[in-house]
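The values are calculated or read from the model by the stated rules, or taken from the named source; none is laboratory data. Just so we're clear, the structure is a prediction, and the values are computed from it rather than from any experiment. Every residue, glycine among them, receives a Cβ derived from its backbone with ideal geometry; neighbour counts consider all protein chains shown.
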Amino acid sequence: MGRAAVFGSTVPFILFGMNNEPAQDTNLDSNPYTSPDHEDASEPKQTESLTTVNEDLLSMAMAAIILVVSTLAVFIAADQSGDIVSPLKIFVSKPGSWTSSPFEGFISKGSWMDSPIVGVIGSFLIIGALSAVALGVGKKISLRSYVPAFTLVFALATLAYVMAGQSLVKSYNLEYALWALGLGLIISNTIGTPTWLRPSVHTELFIKTGLVLLGAEVLMSRLLALGLPGVFVAWVVTPIVLISTYVFGQRVLKLPSRSLNMVISADMSVCGVSAAIAAAAACKAKKEELSLAIGMSLSFTVLMMIVLPAVIVATGLNPTIGAAWMGGTIDSTGAVAVAGATLGDDGLEIAATVKMIQNILIGVSAFGIAVYWVTSVERDGDNQNRVGVFEIWRRFPKFVIGFVMASITFSILHAVLANGPEVTSAIIKGSTKTLRGYFFCLAFVCIGLETNFRDLLPQLRGGKPLILYLCGQSLNLILTLLMAYLMFGVVFKDWIAP
Amino acid sequence: MRTNRQVAAFMIIGFAMIFIWLRVLPRISHQPRVMERLQRLDAKGIDASAMFYTELPCMDEILERRGVR
């Protein structure tokens with residue numbers, strides 16, 4: 001007898017995120033390995049759906065615990081010492097950057113307590129303990145099978161950070177996501193992902209926890225950092241490009257997968273990897289679709305980071321307009337800063353600020369995509385039957401609400417508290433940002449471990465995803481240049497100086 | 001069932017990665033032009049691998065200059 005039936009109604013489970021309908025096994029909303037007893041991927045879903053809590057609820061609970069503990073730690077430390085710092089900072093860190101030897105990234109020259117190795121072990125213990133409890137309670141995964149599996153997945157995530165931390169690699173925006181994905185793919189496509197590792201492969205849980213934590217970093221007050229011109233470049237052009245690219249993909253290219261179309265459109269128009277992750281989770285995209293979108297985005301980011309500043313210099317374009325153009329078009333934040341810096345300090349400032357404003361759009365896009373998906377795309381899948389409000393709520397990815405709530409809460413803390421900016425900065429930089437990065441890194445390792453290269457090939461057939469990216473990015477380049485010229489070169493020409 | 005070929009492929013990729021990361025990349029990183037570029041980025045507080053604005057060290061200074069708290 002199913003759990004819902006035991007309680008006489010499905011309503012409480014719908015409201016609180018209990019999943020009473022099996023998800024498709026290929027998208028981010030599923031994990032056939034939710035229990036060590038479930039060796040056969042084709043078997044477990046019915047059992048899982050009736051006896052377990054879905055990842056949305058678990059991820060929101062994990063993120064909420066991290067955010068509350070991090071906030072309390074800063075308040076307690078401020079109360080005792082008067083300094084607004086996070087006492088958790090030394091216990092939460094990732095490997096640092098290095099040039100000659102990877103050990104440089106683990107050991108600092110000062111006290112050993114300040115060394116990243118302490119923080120890496122701390123992050124392992126925090127994430128390991130939280131996820132073990134969440135999966136033990138929510139998915140009935142035994143501690144004995146989870147601990148060794150998680151230890152190896154965490155070690156792979158740390159190795160991905162080490163690879164991304166090499167100075168040269170880092171300077172070309174080759175982010176940890178790429179290496180985490182690559183390490184997982186190498187294992188799964190050569191020796192195969194060992195069965196004992198399966199209990200820790202929880203892409204959805206890690207990605208959604210990371211996204212809710214990311215919500216805390218989306219501070220609305222940053223929106224007006226560059227006044228109206230910044231808003232026009234980042235918040236007017238971006239949605240136009242996102243929607244146009246998606247419509248182009250559906251109507252002209254006729255991409256078979258709507259979710260792939262959406263992930264590429266969001267990734268290319270909003271802010272690269274982070275937007276791709278949020279969009280993929282919001283539209284329940286397949287794991288290989290997210291991998292493909294991120295691969296394309298990182299490749300073109302490296303290219304644009306080098307080519308765009310050269311074009312701006314060669315054509316003699318006004319550096320402010322050029323910087324705003326790059327801020328609105330280059331996918332990744334770090335690459336925007338590198339490209340902006342080639343135009344001088346003002347170029348770096350304008351480019352990075354435009355990108356930051358675009359970063360904030362991530363919450364609105366994830367919410368919009370989730371609403372569109374449950375009210376339109378999934379309704380079409382139901383042969384145009386009218387879908388009730390209750391059904392929409394049941395299908396709605398609840399973690400998006402967690403993301404928005406985290407953003408609103410931290411925006412209010414930032415605006416209302418006397419030392420709001422210092423407090424939020426201490427919370428985010430002291431612990432939540434690093435833990436969020438680790439959750440994403442773990443998710444990418446898991447995606448790699450679950451993906452077969454053969455799964456990627458059908459997505460590449462006909463080169464349609466690449467054509468979509470190229471056409472969308474071309475439109476992005478044209479519209480952003482026009483808007484940057486209009487805003488920074490005509491309407492607010494004399495208003496931009498800091 | 002794991003075949004010898006699969007294990008060999010895994011080992012070859014593994015050794016290639018170790019060689020690239022421990023020998024090739026450090027050697028390139030120590031070339032004067034590359035070193036200069038890396039130091040310039042460091043001095044400006046630019047983390048080229050930043051995924052979100054909160055990961056960019058120079059962002060605080062930029063926001064302060066613009067009078068945004």
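Yes or no: A:SER100 outside any helix (DSSP H, G or I), modelled with pLDDT of 90 or more and surrounded by fewer than 18 Cβ atoms within 10 Å (Cβ to Cβ)?
Yes.
Taking B:LEU25 and the conditions (1) under 19 Å from the mean Cα position of the chain (by Cα); (2) modelled with pLDDT of 95 or more; (3) loosely packed, with under 12 Cβ neighbours inside 10 Å, which numbered condition does it fall short on, given that it satisfies the others?
All conditions pass for B:LEU25, except number (3).
When you check A:ILE369 against the structure, is it in contact (Cβ under 8 Å) with a residue 24 or more places away in the chain, in contact with a Cys (Cβ under 7 Å, 6 or more places away or on another chain) and not basic (Lys, Arg), yes or no?
For A:ILE369, the condition - in contact (Cβ under 8 Å) with a residue 24 or more places away in the chain, in contact with a Cys (Cβ under 7 Å, 6 or more places away or on another chain) and not basic (Lys, Arg) - is met.
Restricting to segment A:335-382, name every residue that is facing chain B (nearest Cβ under 9 Å) and surrounded by fewer than 17 Cβ atoms within 10 Å (Cβ to Cβ).
Residue satisfying the conditions is A:ASP345 alone.
From the list A:ALA415, A:ALA426, exactly one residue is touching a residue at least 12 places away in the same chain (Cβ under 8 Å) and buried (at least 22 other Cβ atoms within 10 Å of the Cβ). Which is it?
Criteria check complete, one pass: A:ALA426.
Checking the structure you have, find out if any residue of segment A:272-279 is of a type in the set (Val, Ile, Thr) and within 14 Å of the chain's Cα centre (by Cα).
Yes.
What's the total number of residues in segment A:175-217 that are assigned to a loop (DSSP other than H, G, I, E, B), at the interface with chain B (Cβ under 9 Å from one of its Cβ atoms) and within 13 Å of the chain's Cα centre (by Cα)?
2
Of everything in segment A:255-299, what is surrounded by fewer than 24 Cβ atoms within 10 Å (Cβ to Cβ), free of Cβ contacts under 8 Å to residues at least 40 places away in the same chain and under 18 Å from A:GLU378 (Cα atoms)? Give them in sequence order.
Passing the criteria: only A:PRO256.
Output the number of residues of segment A:103-134 satisfying the condition of being modelled with pLDDT under 95 and polar (S, T, N, Q).
Final tally of qualifying residues: 3.
Hey, A:GLY448 hits all of (1) free of Cβ contacts under 8 Å to residues at least 40 places away in the same chain; (2) under 30 Å from A:ILE126 (Cβ atoms); (3) among the small types (Gly, Ala, Ser) but one; which does it fall short on?
Going through the list (1) free of Cβ contacts under 8 Å to residues at least 40 places away in the same chain; (2) under 30 Å from A:ILE126 (Cβ atoms); (3) among the small types (Gly, Ala, Ser), A:GLY448 breaks only (1).
Quick one: which helices (runs of 4 or more DSSP H) sit completely within segment A:416-498 and have at least 2 residues that are farther than 21 Å from A:THR329 by Cα?
Ranges flagged: A:420-427, A:433-450, A:453-460.
Considering only residues that are of a type in the set (Gly, Ala, Ser), surrounded by fewer than 22 Cβ atoms within 10 Å (Cβ to Cβ) and touching a residue at least 24 places away in the same chain (Cβ under 8 Å), look in segment A:150-196 and name the one that is nearest to A:VAL307 (Cα to Cα).
A:GLY182
Before we move on, is A:ALA352 assigned to a helix (DSSP H, G or I), over 15 Å from the mean Cα position of the chain (by Cα) and over 22 Å from A:LEU226 (Cα atoms)?
no
Matching residues to (1) aliphatic (A, V, I, L, M); (2) over 27 Å from A:PHE440 (Cα atoms):
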site: A:TYR246; (1), (2): no, no
site: A:LYS254; (1), (2): no, yes
site: A:LEU260; (1), (2): yes, no
site: A:ILE277; (1), (2): yes, no
site: A:GLU288; (1), (2): no, no
site: A:VAL307; (1), (2): yes, yes
site: A:GLY316; (1), (2): no, yes
site: A:ILE321; (1), (2): yes, yes
site: A:ALA337; (1), (2): yes, no
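Scan segment B:1-46 for residues that are outside any loop (DSSP other than H, G, I, E, B), under 18 Å from A:PRO194 (Cβ atoms) and more than 7 Å from every other protein chain (Cβ to nearest Cβ) and jot them down.
B:ASN4, B:ARG5, B:ALA8, B:MET11, B:GLY14, listed by residue number.
Which ones in segment A:428-452 are more than 10 Å from chain B (Cβ to nearest Cβ), closer than 28 Å to B:GLU61 by Cα and at pLDDT 95 or above?
Result: A:LEU435, A:TYR438, A:PHE439, A:CYS441.
Counting only residues that are assigned to a loop (DSSP other than H, G, I, E, B), over 16 Å from A:GLY96 (Cα atoms) and more than 8 Å from chain A (Cβ to nearest Cβ), how many does segment B:47-69 have?
Going through segment B:47-69 one residue at a time, the tally reaches 0.
Take the conditions surrounded by 22 or more Cβ atoms within 10 Å (Cβ to Cβ) and more than 10 Å from every other protein chain (Cβ to nearest Cβ) and apply them to A:THR329. Does it pass?
Answer is yes for this residue.
Answer yes if at least one residue in segment A:395-410 is part of a helix (DSSP H, G or I), away from chain B (no Cβ under 12 Å) and at pLDDT below 90, and no otherwise.
There is at least one residue in segment A:395-410 that is part of a helix (DSSP H, G or I), away from chain B (no Cβ under 12 Å) and at pLDDT below 90.
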